[in-house]
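Have a look at the structure below before the remarks.
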Amino acid sequence: MKKKIAILTGGGDAPGLNAVIYSIVRGCHNLLPEYDVIGYRFGYRGLYEGDYIPLTLESTSGILHKGGSMLFSSNRDNLFNYSVMENGAFVHKGDVSDVAVKKMKEAGVHTLIVLGGDGTLTSARDFSNKAEDEDGYKVNVIGVPKTIDNDLNATDATFGFDTAVGIATENLGRLHTTAESHHRVLVAQIMGRSAGWITLHAGIAGSADVILIPEIPYNFASIVKKINERNARGKKFSIIAVSEGAIEQGGTQIEKEKVEGRPDSTNLGGIAEYIVGQLKDKIENEVRDCVFGHIQRGGDTSAADRLLSARYGVRVVELIKEGKFGNMVCLNNGSMEYVALNDVIPKDLEKGGIARGGDKLVDPNGELVRVARSLGISFGDE
């Protein structure tokens, strides 16, 4: 049996996942023909259940441009603290990582490539750090950073971000015409839990009048002032772009629900609706909200993200060829490099089982914020 290189995609989907899979399969075909490539379905759950499919030139043909993941994904399955749905209820199994290692060993997996964000890469680090078994078998792990939020400190850019920004920017442009026609204030809720990169980029590119992000707490008096200033100038409409994780001064993030069985159990949501409720009695305009939601993740992958994904995929194959395991590929000053998973996800920074201390956040005094302010965009903090 030929040794195998295995791929899994975990966490939320992102445009570019298929492009990375496509590039790894083709890179292995040309650089590592002595290996077969397989893909575990539904992230770590597939690893636990031994649910994988062969990945060949034929089976991955035509996926380069497609969003989503041909391997499907899950953000609920931490095999080091595993809960599974049985008979309509979650049953806690505890640490089942040894079961997954045993099944990889039986399948002949030499290297596990993990595409994911904070939570997924935390488990990738833990698999990489597991000791050899009694037969000398050890999981060789390489991580690939994936998040549309672009909030991983260890890399300059993550695939999916450019696509998400493009979609959010286009949608903000579409809101302008209807807002102007009805003299409305439209509040657009954009993805971004702890980092406001998508909202900041799209807000500038999409001519938002107010940008609200988690890194700059807002107050309603400032937002009202901006809207009234525009009304006084004859601009009887305004566009507010708000990250789902934005925070009112003295407040907390607005939670929609708790999701059992997921490492990061909080679902954010409702910030746009909340802002509408607070503004409607303070301004003369009619106020409506619009949640972009999962539209930002869907559809075709942008050209920039396809190119970035191809670079990530090929660099992964090169690291396997060089025997450099326990690392994550990264973009550093324009070059494809790598960094140790133990440095990407430091143990001492974990919160709720997920390392958050390494988040790359918007600098409230950084260049892009200064650019936005110079263009007359309000961050609701003045």
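Observations on the model:
- Flag for residue 267 being in contact with a Lys or Arg (Cβ under 9 Å, 6 or more places away or on another chain), surrounded by fewer than 17 Cβ atoms within 10 Å (Cβ to Cβ) and among the polar types (S, T, N, Q): yes
- Scanning the stretch 125-146 for residues that are in a loop (DSSP other than H, G, I, E, B) and on the phi < 0 side of the Ramachandran plot yields 129, 130, 131, 132, 133, 134, 135, 137, 138, 139.
- For the stretch 241-251, taking the residues that are hydrophobic (A, V, I, L, M, F, W, C) and in contact with a helix residue (DSSP H, G or I) (Cβ under 7 Å, 6 or more places away or on another chain), the one that is surrounded by the fewest Cβ atoms within 10 Å (Cβ to Cβ) is identified as 242.
- Residue in the stretch 150-169 that is touching a strand residue (DSSP E or B) at 6+ places or on another chain (Cβ under 7 Å), modelled with pLDDT of 95 or more, assigned to a helix (DSSP H, G or I) and hydrophobic (A, V, I, L, M, F, W, C) present: yes
- Pair list, Cβ < 8 Å and 6+ apart or interchain, from the stretch 27-54 residues that are in contact (Cβ under 8 Å) with a residue 40 or more places away in the chain to residues that are open to solvent by 60 Å² or more (accessible area, probe 1.4 Å) and among the acidic types (Asp, Glu): 27/318; 31/318; 50/106
- Of the residues making up the stretch 180-195, those that are surrounded by fewer than 23 Cβ atoms within 10 Å (Cβ to Cβ) and over 23 Å from the mean Cα position of the chain (by Cα) are 180, 181, 182, 183, 184.
- Taken together, 108, 88 contain a single residue that is under 15 Å from residue 5 (Cβ atoms) and not β-branched (Val, Ile, Thr), which is 108.
- Near pairs, Cβ below 8 angstrom, 6+ apart or cross-chain, from the stretch 59-83 (free of Cβ contacts under 8 Å to residues at least 40 places away in the same chain) to any residue that is of a type outside the set (D, E, K, R) and in a strand (DSSP E or B): 59/53; 82/92; 82/94
- Matching residues in the stretch 199-224 - criterion: being surrounded by fewer than 19 Cβ atoms within 10 Å (Cβ to Cβ) and without any contact (Cβ under 8 Å) to a residue 40 or more places away in the chain: 207, 221
- Candidates are the residues of the stretch 61-92 that are in contact with a Lys or Arg (Cβ under 6 Å, 6 or more places away or on another chain), open to solvent by less than 50 Å² (accessible area, probe 1.4 Å) and in a loop (DSSP other than H, G, I, E, B); the one that is nearest to residue 43 (Cα to Cα) is 74.
- Checked against the criterion of being more than 17 Å from residue 112 (Cβ to Cβ), of a type outside the set (Ser, Thr, Tyr), open to solvent by less than 50 Å² (accessible area, probe 1.4 Å) and out of contact with any helix residue (DSSP H, G or I) (no Cβ under 6 Å at 6 or more places or on another chain), the stretch 33-44 has no qualifying residue.
- Any hit, the stretch 12-34, residues being over 11 Å from residue 109 (Cα atoms), modelled with pLDDT of 95 or more, outside any helix (DSSP H, G or I) and of a type in the set (S, T, N, Q): no
The values are calculated or read from the model by the stated rules, or taken from the named source; none is laboratory data. Keep in mind that what you see is a predicted model, and the values were worked out from it rather than measured. Glycine also receives a Cβ, built like all others from the backbone with ideal geometry; neighbour counts cover every protein chain displayed. Just the protein is used for accessible areas: all its heavy atoms, side chains included, with ligands, DNA and RNA removed. Shrake-Rupley method; radii C 1.70, N 1.55, O 1.52, S 1.80 Å.
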